[in-house]
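Undergrad: If you scroll down you'll find the structure; I have some questions about it.
The values are calculated or read from the model by the stated rules, or taken from the named source; none is laboratory data. Quick caveat, the model's predicted, so the values are computed rather than measured. All Cβ positions, glycine included, derive from the backbone under ideal geometry; neighbour counts span all protein chains shown.
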Amino acid sequence: MTEAKNLSERAATERGQRDQRMVIADFDQSPFTIAWEVSRACAYACVHCRADAQHKRDPNELSTEEAKNLIDQLANFGSPILIFTGGDPMVRPDLAELIAHATGKGLRCSLTPTATALPTTKRLEEVRDAGIRRIALSLDAPNAEIHDDFRQVSGSWERTMDILHRAQEVGLSVQVNTTVAKHNIDILEEMVPFIEEVNAVQWSVFFLVPTGRGMIEQMVSAEEHERTFNWLYDLSKVAPFDIKATAAQMYRRVAIERKRAEQGGDKPVTFQGAGFQYADGLNRPMKGVNDGNGFLFISHTGEIQPSGFLPLTAGMVRDDDVVEVYRNHEIFKNLRDYSKLKGFCRDCEYREVCGGQRGRAYGVTGDYMESDPACVLVAKAAKQN
């Protein structure tokens, strides 16, 4: 813990300055968010798991030394958000050591553990002291019956709520992640009191992407996406927490259209949440993030990918320079060039603020530059052709 606790006041000041700069970062040069799957092992068997997580740790996981070398490379991007994720990151005994190393390098760290017995109060305090700014847990229904069935573990709902409360008690800010699929699309409104109960700073509403164990059949329709986007926009005006529509770039279009209608005329508007400031420093960027465009994923074995939901490997951290891969590999450059999009997305007036969800396009069509089938505009265009 010494490495994290002994950060000087000067270093803390510089960290705050980097935080602000990252809000307006150039995504051609640096990702705003990096998700690092530190382990694929997990005690759960969630029906939608993009990782198809396994119960045992992979012997080919990055070692502690390799992991620290990766962190050193990621620090060359500046001060992106680094999400320690999985699987379940808590299965790594060196987790706090890695977090402290990342914090010392100026990375802004958050953690997404699984709701098992591993996040004890002691370990929550350890990751807090190591530098974790926010902890995020999944809550997929307003009751245990539906949530536990989705997560395939009895007692998961109660354990999740308990960990969220204890994280608050030890001084961590908390975020609630909810996967939207057919099992809960009609009960999302019932989730709101529970988000409020745990004093979440953000509700990340993730719209299912078919990869790993997540199936196309679990996805909600384009019309249901659109209806939910409009409900989320209305909720955002009164909710005591920020709302982030994840894997739902089309929400930016809905928010802009709604703002324009409310303001009247041609006043400039930005996507919902642009530049949103948090007390924990994990602020929102000024422009939208997409797979490979402001977002980078590192797998448990060191695969360099645009996203965990777009599992195309552009390099390996054991062999390649992560910064070089992100900036110059063809896959990443294609994902940042929206003129190369196909179908309706290519010609859409909201192309530059949306771009469609690239992982979903790949999961449904096999082409990561195709149109996002969850967009209602794409669905309408398809019916007309």
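Undergrad: Can you run down the residue pairs with Cβ atoms below 6 Å, 6 or more apart or on separate chains, where the first is in the stretch 326-351 and in contact (Cβ under 8 Å) with a residue 12 or more places away in the chain and the partner is part of a helix (DSSP H, G or I) and loosely packed, with under 15 Cβ neighbours inside 10 Å?
TA: Qualifying pairs under 6 Å: Asn334/Lys340.
Undergrad: Would you check if Glu126 is in contact with a helix residue (DSSP H, G or I) (Cβ under 7 Å, 6 or more places away or on another chain) and not hydrophobic (A, V, I, L, M, F, W, C)? Quick ask: steps written out before the conclusion?
TA: Working: in contact with a helix residue (DSSP H, G or I) (Cβ under 7 Å, 6 or more places away or on another chain): yes; not hydrophobic (A, V, I, L, M, F, W, C): yes.
Criteria met by Glu126.
Undergrad: Residue under question is Thr114, and the condition is that it be modelled with pLDDT of 95 or more and of a type in the set (Val, Ile, Thr); does it hold?
TA: Values: modelled with pLDDT of 95 or more: no; of a type in the set (Val, Ile, Thr): yes.
Criteria not met by Thr114.
Undergrad: Further, regarding this structure: Specify the residue that is nearest to Arg360 (Cα to Cα); the eligible residues are those in the stretch 189-200 that are surrounded by fewer than 18 Cβ atoms within 10 Å (Cβ to Cβ) and of a type outside the set (S, T, N, Q). I'd like the intermediate steps shown before the answer.
TA: Within the stretch 189-200, the first condition is being surrounded by fewer than 18 Cβ atoms within 10 Å (Cβ to Cβ), and the residues that meet it are 189-190, 192-193, 196-197, 199.
Still in the running and of a type outside the set (S, T, N, Q): 189-190, 192-193, 196-197.
Details: Glu189: 25, Glu190: 27, Val192: 26, Pro193: 30, Glu196: 30, Glu197: 32 Å.
Selected residue: Glu189.
Undergrad: Separate question: Whether any residue in the stretch 79-100 is without any contact (Cβ under 8 Å) to a residue 12 or more places away in the chain and of a type outside the set (Lys, Arg) is what I want to check.
TA: Here is the first cut: in the stretch 79-100, the residues without any contact (Cβ under 8 Å) to a residue 12 or more places away in the chain are 93.
Those left that are additionally of a type outside the set (Lys, Arg): 93.
Within the stretch 79-100, one or more residues are without any contact (Cβ under 8 Å) to a residue 12 or more places away in the chain and of a type outside the set (Lys, Arg).
Undergrad: May I pose another question? Quick check on Asp129: is it farther than 26 Å from Asp291 by Cβ and without any contact (Cβ under 8 Å) to a residue 24 or more places away in the chain?
TA: Judged against the criteria, Asp129 is not a match.
Undergrad: OK, next. Could you please let me know if Val353 is crowded, with 17+ Cβ neighbours inside 10 Å and under 16 Å from Gly288 (Cα atoms)? So that I can check it myself, show each step before the final result.
TA: Details: crowded, with 17+ Cβ neighbours inside 10 Å: yes; under 16 Å from Gly288 (Cα atoms): yes.
Yes: the conditions hold for Val353.
Undergrad: In the stretch 116-130, how many residues are farther than 15 Å from Gln168 by Cα and either buried (at least 23 other Cβ atoms within 10 Å of the Cβ) or under 20 Å from the mean Cα position of the chain (by Cα) (or both)?
TA: In the first step, residues of the stretch 116-130 are kept if they are farther than 15 Å from Gln168 by Cα; the result is 116-118, 130.
Among the residues that remain, those that are also either buried (at least 23 other Cβ atoms within 10 Å of the Cβ) or under 20 Å from the mean Cα position of the chain (by Cα) (or both) are: 130.
Of the residues in the stretch 116-130, 1 are farther than 15 Å from Gln168 by Cα and either buried (at least 23 other Cβ atoms within 10 Å of the Cβ) or under 20 Å from the mean Cα position of the chain (by Cα) (or both).
Condition check ((1) buried (at least 18 other Cβ atoms within 10 Å of the Cβ); (2) in contact (Cβ under 8 Å) with a residue 60 or more places away in the chain; (3) within 24 Å of Ala247 (Cβ to Cβ)) across all residues:
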site: Glu145; (1), (2), (3): no, no, no
site: Gly155; (1), (2), (3): no, no, no
site: Val170; (1), (2), (3): no, no, no
site: Thr179; (1), (2), (3): yes, yes, yes
site: Ile185; (1), (2), (3): no, no, yes
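Undergrad: Could you list, in sequence order, the residues of the stretch 301-321 that are crowded, with 24+ Cβ neighbours inside 10 Å and either in contact (Cβ under 8 Å) with a residue 12 or more places away in the chain or over 18 Å from Phe84 (Cα atoms) (or both)? So that I can check it myself, show each step before the final result.
TA: Within the stretch 301-321, the subset crowded, with 24+ Cβ neighbours inside 10 Å is 304-307, 309-310.
The answer is Ile304, Pro306, Ser307, Phe309, Leu310.
Undergrad: Okay, moving on. When you go through (1) among the β-branched types (Val, Ile, Thr); (2) in a strand (DSSP E or B); (3) more than 17 Å from Asn177 (Cα to Cα) one by one for Ile243, which number turns out not to apply?
TA: (3)
Undergrad: Let me ask something else about it. Being touching a His at 6+ places or on another chain (Cβ under 6 Å) and among the aliphatic types (A, V, I, L, M) is the filter here; which residues of the stretch 127-141 pass it? Working first, answer last.
TA: So the first thing to find is which residues in the stretch 127-141 are touching a His at 6+ places or on another chain (Cβ under 6 Å), and the list is 140-141.
Correct list: Ala141 only.
Undergrad: Could you check the stretch 191-233 and list, in sequence order, the residues that are of a type in the set (Val, Ile, Thr) and within 30 Å of Leu172 (Cα to Cα)? Give the steps one after another, and end with the answer.
TA: Here is the first cut: in the stretch 191-233, the ones of a type in the set (Val, Ile, Thr) are 192, 195, 198, 201, 205, 209, 211, 216, 220, 228.
Passing the criteria: Val192, Ile195, Val198, Val201, Val205, Val209, Thr228.
Undergrad: Then there is this: Looking only at the stretch 244-264, filter to residues that are surrounded by fewer than 23 Cβ atoms within 10 Å (Cβ to Cβ) and among the β-branched types (Val, Ile, Thr); which one of those is nearest to Ala361 (Cα to Cα)?
TA: Applying the filter and picking the extreme gives Thr246.
Undergrad: Hey, Ser39 hits all of (1) assigned to a helix (DSSP H, G or I); (2) modelled with pLDDT of 65 or more but one; which does it fall short on?
TA: For Ser39, the exception is condition (1).
Undergrad: Follow-up question, since we're still on this one. Suppose we filter the stretch 322-337 for residues that are over 24 Å from Asp72 (Cβ atoms) and of a type in the set (S, T, N, Q); how many remain?
TA: Going residue by residue through the stretch 322-337, those that are over 24 Å from Asp72 (Cβ atoms) are 330, 333-337.
Filter again for of a type in the set (S, T, N, Q), leaving 334.
Summing the residues that are over 24 Å from Asp72 (Cβ atoms) and of a type in the set (S, T, N, Q) in the stretch 322-337 gives 1.
Undergrad: Yes or no: the stretch 224-232 includes at least one residue that is among the polar types (S, T, N, Q), in a helix (DSSP H, G or I) and surrounded by 19 or more Cβ atoms within 10 Å (Cβ to Cβ). Steps first, answer last, please.
TA: First, the residues of the stretch 224-232 that are among the polar types (S, T, N, Q): 228, 230.
Imposing the further condition that a residue be in a helix (DSSP H, G or I) reduces the set to 228, 230.
This time we only want the ones that are surrounded by 19 or more Cβ atoms within 10 Å (Cβ to Cβ), so: 228.
Among the residues of the stretch 224-232, at least one is among the polar types (S, T, N, Q), in a helix (DSSP H, G or I) and surrounded by 19 or more Cβ atoms within 10 Å (Cβ to Cβ), which makes the answer yes.
Undergrad: Only helices (runs of 4 or more DSSP H) wholly contained in the stretch 55-166 count here; list those with 3 or more residues that are among the small types (Gly, Ala, Ser).
TA: Numbers: elements: 64-74, 95-104, 121-130, 144-151.
Passing ranges, in order: 95-104.
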